[in-house]
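What follows draws every value from the coordinates through simple rules; no lab data is involved. Since the model is a prediction, treat every value here as computed from it, not as a measurement. Here the Cβ positions follow ideal geometry from the backbone for every residue, glycine too, while neighbour counts run over all protein chains shown.
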Amino acid sequence: MTRRLLPALALAALLPFSLRPAAEEPAFAWQDDLEAARARAKSEGRPLLIVFR
Amino acid sequence: MATVDLNVYRFDFDLTFSVLLMNADGTIYHRYGSRDHTSADGHLSQAALVQLLRDGVATHEAYAKSPRPPKPLPRRTILDIPAFAARTKKTKVPDCIHCHMVHDAEREQAISDRTWTPDGRWIWPLPSQAGFTLDVESPARIATVRKGSPADRTGLRAGDVVRSANGTRVLTEPDIQWFLDRVDAKGGALKLEIERGGEPRSMTVTLPKGWKEVGPLEYSWRPFMWQLRPNPGFGGPPLSADEKKKLGLAADAFTLKVQYIIEWGDHPEDGRNAKKAGIRKGDILLSAAGQSDWQSSVHFQTWFRFTRRAGESVDLRLLRDGREVKVRMDVIP
């Protein structure tokens, strides 16, 4: 149950950031595609949020 | 985890859920996700994660003013750990490499390098090992301080807010665990900056020899436990309430139905040893070494690994076909 629920919890937690200016939003990544997200975060100067599950 | 660079992304790999908030240059700002043996999600809260994201953006903005990127290290994945690579040559690379397999692989490599010590099992200690717990909803705030603990002797109090550890801003429990993990199991110190009543204070928590150690129950949730030795060579689930009732056992009695006896893996001798002692599939373990106060099968498994020593023997009380059977099993390394 935990494995199913916690990623949903993380995504729900991200929702408030959809209202913020893009540069302040963390770029989001699952563990499987984090290097692409890291490159994106770098080019945009954003923090990076990675969820491992 | 097959492609994750272990020189960059470090967290408690035994967890089923972990979050890193970081700079793209490899600087980890904050971590989120921790647990204890009572449940997988008892230390998690959506409100705390939202607050971390808000406060973490402030960490990012502060860092951007004077970035200090970590020295780049060569990319290193689990497949680059020689012990793991050798294992997957014999079998094959699993379709899905679980996070906890990293701990297992690193331990196996440490054994191969002769750098493994029994203290290596005490990974990612919770703040409760230092004597304080954190508020799940507001995880920089101290919820409780155990009387007589290192935290108590330092003067920490419930309600104090931890602002930094060893000079680095912390917002979460695993942020603090990161620094606790770096304190030697034989003793050391953790410097904390806290806020009490709006005033900052500096505290140094002195941690004595053995401070990282936890009992079998507290450790039993870690998949890492299964790699430790000695291994009883058998295992299985508890009986259901109905099964216990039919056998006339108390509802709260410990039971473990022997569902498997090890015949595979690196140590099939463990199963041969259990068979030699007379243990059979279908037996129901009632007690070992006169003890039976385990809360679960994994609690028993962890107890065996933590307390039994190779060269000793252990007396087991079993139920077989409704009759009690006693066997003596050697403990092998």
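In units of the compact-protein estimate 2.2 N^0.38 Å, the stretch B:250-321 shows a Cα radius of gyration of 1.10. Of all lysines in the structure, those lying under 22 Å Cα to Cα from B:Lys246, and not within fewer than 8 positions of it along the same chain, are B:Lys257, B:Lys281, B:Lys326. Per-residue 3J(HN,Hα) values for the stretch B:59-68, derived from phi via the Karplus relation 6.51 cos²θ - 1.76 cosθ + 1.60 with θ = phi - 60°, read 4, 5, 5, 5, 5, 4, 6, 8, x, 10 Hz in sequence order (x marks Gly and Pro).
Computed log10 I(q)/I(0) for the stretch B:131-272 at 0.09, 0.12, 0.19 Å⁻¹: -0.48, -0.70, -1.06, from the Debye equation with unit scatterers placed on every C-alpha and solvent omitted. Checking every one of the trypsin sites (Lys or Arg not before Pro) in the stretch B:231-333 against DSSP loop status and a limit of 16 other Cβ atoms within 10 Å picks out B:Arg280, B:Lys281, B:Arg309. The average projected area of the protein assembly as shown, computed from the convex hull of its Cα atoms over all directions, is 21.7 nm².
Computed over Cα pairs, the Kirkwood radius of chain B leads via Stokes-Einstein (0.692 mPa s, 37 °C) to a diffusion coefficient of 147 µm² per second.
Check the straight Cα-Cα distances from B:Lys89 and name the aspartates and glutamates below 16 Å, setting aside those fewer than 8 residues away within the same chain. Within the straight-line cut-off, B:Lys89 pairs with B:Asp80, B:Glu108, B:Asp266.
What is the distance in Å between the Cα centres of the stretch A:26-53 and the stretch B:86-144? Distance between centres, Cα-based: 23 Å. From the Kirkwood radius over Cα pairs of the stretch B:19-116, Stokes-Einstein at 37 °C and 0.692 mPa s returns a whole-number translational diffusion coefficient of 196 µm²/s. Rounded to the nearest 10 degrees, the inclination of helix B:268-277 to the longest alpha-carbon principal axis of chain B is 40 degrees.
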